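The values are calculated or read from the model by the stated rules, or taken from the named source; none is laboratory data. Bear in mind that the values here come from a model prediction, so they are computed numbers and not experimental data. Glycine gets a Cβ as well: all are built from the backbone with ideal geometry, and neighbour counts include every protein chain shown.
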Amino acid sequence: MSNIAITTGRVLLGLYFLLPGLMKAAGPAQTIAYMESHNIAFAEPLMWIATIANIVGGLLLIAGRHVKLVAYGCVIYVILVNVMLHGFWAMPPEMVERETQNFVKNLGIMAGLLVLAGSAPARTLSLKDWWRSDAAAA
């Protein structure tokens, strides 16, 4: 049963990154405007980097490839998003409640990623068996 729970959680976390990545790709102007409203320099190139990270990271989590490495990478991504976009401590009063909720929600996502990273086997980066899942390559 624990394998089913871990797999389900891994796929759901993968979808959490994949779907917003696809939405960013489909409507980049909205994401860029949101980033610029938070005074993020180089918003457009950073938006495309985030889009690629979301899509690739989400697909790798869903497929079960390099889960430990990808989960830790997603943790770093979430930390950056929290600090750069959901810094409720520096927001106008009318935005504090919403940004605090987003910040805390992202802490929950980080917790899930850390649990996933802690339960995933370590896998060396190699072109050998790159297409195989972590379980199949072990």
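Select from the range 69-100 the residues that are surrounded by 15 or more Cβ atoms within 10 Å (Cβ to Cβ) and in contact (Cβ under 8 Å) with a residue 24 or more places away in the chain and list them in ascending order.
Listed by number, the residues that qualify are LEU69, ALA71, TYR72, CYS74, VAL75, TYR77, VAL78, VAL81, ASN82, LEU85.
If the Cβ limit is 8 Å and pairs must be 6+ apart or interchain, which residue in the range 10-23 that is at negative phi pairs with which residue that is modelled with pLDDT under 95 and not in a helix (DSSP H, G or I)?
ARG10/GLY64
Residues of the range 35-67 being within 15 Å of LEU80 (Cα to Cα) and among the hydroxyl-bearing types (Ser, Thr, Tyr), which ones?
If the condition is that a residue be within 15 Å of LEU80 (Cα to Cα) and among the hydroxyl-bearing types (Ser, Thr, Tyr), then THR51 is the only one that fits.
Give the residue, chosen from ALA43, ALA50, ALA63, that is out of contact with any Phe, Trp or Tyr (no Cβ under 6 Å at 6 or more places or on another chain), at pLDDT below 95 and surrounded by 16 or more Cβ atoms within 10 Å (Cβ to Cβ).
ALA63
Pick from the range 29-84 the residues that are assigned to a helix (DSSP H, G or I) and touching an Asp or Glu at 6+ places or on another chain (Cβ under 6 Å): which of them is nearest to GLY9 (Cα to Cα)?
VAL67
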